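Computed from the coordinates by the stated procedures, all read-outs in this text should not be read as laboratory data. Note that this is a predicted model, so its numbers are computed, not measured. Heads up, the Cβs are rebuilt from the backbone with ideal geometry, glycines too, and the neighbour counts pull from every protein chain shown.
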Amino acid sequence: MSSVSASTTGTRVPSIDRKVVVDWLGVAPFTIFALLFLIIPTIYLIVGAFLTPDGSFTLKNIVDLFTPSILAAYWISIKVSVASSLGGALLGFLLAWAIVLGGLPSWVRNGLLTFSGVASNFAGVPLAFAFLATLGRTGLITVFLRDWFDFNLYSTGFNLLSFFGLTITYMYFQIPLMVLILTPALDGMKKEWKEAASILGATNGQYWRMVAFPILWPSLLGTTLLLFANAFGAIATAYALTGSSLNIVPILLYAQIRGDVLHNANLGYALALGMIVITGVSNILYIMLRMRAERWQK
Amino acid sequence: MKAERYLAWLSILIGCLYFFVPLIATYEFSLRARRGVYSFDAYRSVFSDMAFRQTFGYSMLMALLTIVFGMLLVVPTAYWVRLRLPQMRPVVEFVTLMPLVIPAIVIVFGYLRLYNSSSILPLTGSNTTTNILLVCSYITLSLPYMYRAVDTAMRTIDVRTLTEAAESLGAGWMTIMFRCIFPNVMSGVLSGAFITLAIVIGEFTMASLLGRPAFGPYLQLVGANKAYEPSALAMIAFAVTWLSMGLLQLVSRFNRSAPAKA
C-alpha cells in the first residue's frame, strides 16, 4: 500500500507526474519480488557462465561444456525428454481425440479431464515410488510376468533405472498435460470443415491429411515442445528413481550445487545456462507455434 | 463411424491401463509389509513416524504461507495492472510465465549463490531467513498458476466500475482491495491456492537444496532406506493431489453456476 502514502504526501509534484509515479508504485512490490527471486538470480548465473573464478571474461566455461562427460549428460537428458514428449504427445493426442471426436459418452470426457488435472500434478518423488512398485524388480508387473508367463522382464535388459524406464515414468505426467492442452484445440475443430470435406468427396483419411492436420500441426508440435521442456527441467522423479546412477543434466547440476563435482564453480553456471537455453528455445518455439495455431480459433 | 468409436474406446482402454496399473501396483505393494498377508502395517509405520508428521506439517505450513503471501502479491498486482497499467500486461504476464521456462533447479542455484551467508542479503544465513527464502521460491514456482487463475477471475468482473463505485462511497484503497476485489475474485484465489498446495506439498528440489526439513526430501529419504513405506507415502501423496485438484474442480464448477456480478 505504498501508493497511498505517495498520493497523499506527494502534493507538491505536478499532478501528471504524480499519477505516473503512483501508477508505477502499484507494481513496485511485484517488480521487486520478480527481480529478487527470479530475474537477478538467473542473470547472476548467466553472467557467471562467462566469467573466470577471479571475475574476468572468458568463453572457456562454454567450451568446457563440450567435454565428453557433460555432453553425455546433455545427450541422455535430451533423449529422455524427446522420447517422453513424443510418446506423451502421441498417446495424449489419441486420448484427446477419443474424448472430443470419438463419439464417447460425456462421463468419459469429464473423467479423463479430471484425472489428467490430477495426474499432471502427480510428479516428483511419489511418482518414482509408484513406478518402482509397478516395474521395479519386485514390482507388480514384473512379478506378474514372472509368475504367470514365466517371463523375466529384467533378463531382457530392461531396467527401470535407465533411459527406457525413466521415459515410461515421465510419460505419466506428460500424457495428461498433452490431453489438457490439446482438448481445447480439438474442440476448436469445426464440424463444418469435416462436412464440407465429405460433401466434396473427401475420404476420412484425406480429411485428416489435407484439412485437420494442417490446422492442428502447430498445436501438436508446440505442445510436444512444451512437454520436452517440462521433462528436461524435471529432477525429483529421476533422482528418487535412480539416485545418481543415471547422469541426466538436472542430476549433474544437483550434484554440482551440493559438492562442486565439476571442480569449477563457473562451469556449474555454464551447465545451468545450457539448461536455460534449451528450455528457453523450446518455450519460445512453443509460443510462436501457439500464436500460429490461434489463427484458426478466432 | 463405428470403426472410429472402437478406436476411441481402445485408446481410452490403453490410457486407463497405463494410468491405473501403477496406482493399483503401488497400493498392492504398500499392503505387502507383513509377510504372506495384506496389511496396513506400512501405513501404520508411516503415520507413527514423527518425521512424517513434522515434515508434512512443515510443508503444509509452507504451502499456507505461500498461498497467503503469494495472493497478497498477485491479486493487487493483477488488479493494478488492469486498472492503471494495461500497457504493462504483456510484460507482467511474461514475467509470471518465466518460472515455467527456467527450471526450478536453476532458480534455486541462483538463490544459493546470490543469497549465501557472505552476500549483502544473507538469506541462507539462518533458519528463519531460509524459511522465508523457501516461501519466496514457492511463490515463484506457483506464480504462473496463481497469476493466471486470478487474472482469469478478474476478467469476469469490471474492475474499473467496481473501483469507482467503491471510491464514490468513500472507500479507501484497503477497503477496495480486501472488501471489494478479493471477494470478487475468490474463485480464482481458491483455484490458485489448491494448485499451489498440490505443487508445494511434495516439492523436492528447492527444499532439498535449501536444506529445509520438508515433506519432499523426507519422501526421498524414506525411498532410499525403506521397502514398503514409500508406496504407502505415494498413495498418501496421490490422495493429497486428488483432494486439492478435486476441490479446485468443485470451486470452478461452483463459480460457473453462479458467476460474479459487477
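Here are the numbers for the structure shown:
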item: Length-normalised contact order for chain B - Cα pairs under 8 Å, 6+ apart - percent; result: 28 percent
item: Shape category assigned to the range A:215-260 from the gyration tensor of Cα positions, a/c cut at 1.5; result: prolate
item: Furthest towards positive pole of dipole, B:Phe56, B:Leu250, B:Trp9, structure part chain B, Cβ charges; result: B:Trp9
item: Equivalent ellipsoid dimensions for the range B:1-155 as semi-axes, Å, which come from the Cα gyration tensor, largest first; result: 38, 30, 15
item: Relative contact order of the range A:64-297, defined on C-alpha pairs under 8 angstrom at six or more residues apart (%); result: 31 percent
item: Stokes-Einstein D (µm²/s) once Rh is taken as the Kirkwood radius of the protein assembly as shown over alpha-carbon pairs, at 20 °C in 1.002 mPa s; result: 84 µm²/s
item: Helix runs (DSSP H) in chain A reaching 20 Å along axis by Cα, Kyte-Doolittle at least 0.5; result: A:68-101, A:163-187, A:213-233, A:265-294
item: Kyte-Doolittle mean at least -1.0, axial Cα span of 24 Å or more - DSSP H helices of chain B; result: B:2-30, B:50-83, B:127-155, B:229-257
item: Nonlocal amide H pairs with A:Leu51, under 5 Å, H built at 1.01 Å; result: A:Thr58
item: Whole-angstrom gap from the range A:262-298 to the range A:214-236, using each part's C-alpha centre; result: 11 Å
item: Given charges at beta-carbon only (K, R positive; D, E negative), |dipole| of chain A in Debye; result: 600 debye
item: Formal net charge of residues neighbouring B:Val222 (Cβ-Cβ distance under 15 Å; K, R +1; D, E -1); result: 0
item: The protein assembly as shown, dipole about Cα centre (Lys/Arg Cβ +1, Asp/Glu Cβ -1), debye to the nearest 20; result: 800 debye
item: Theoretical FRET efficiency, 1/(1+(r/R0)^6), r = Cβ-Cβ of B:Arg5 and A:Val20, R0 60 Å, to 0.05; result: 0.45
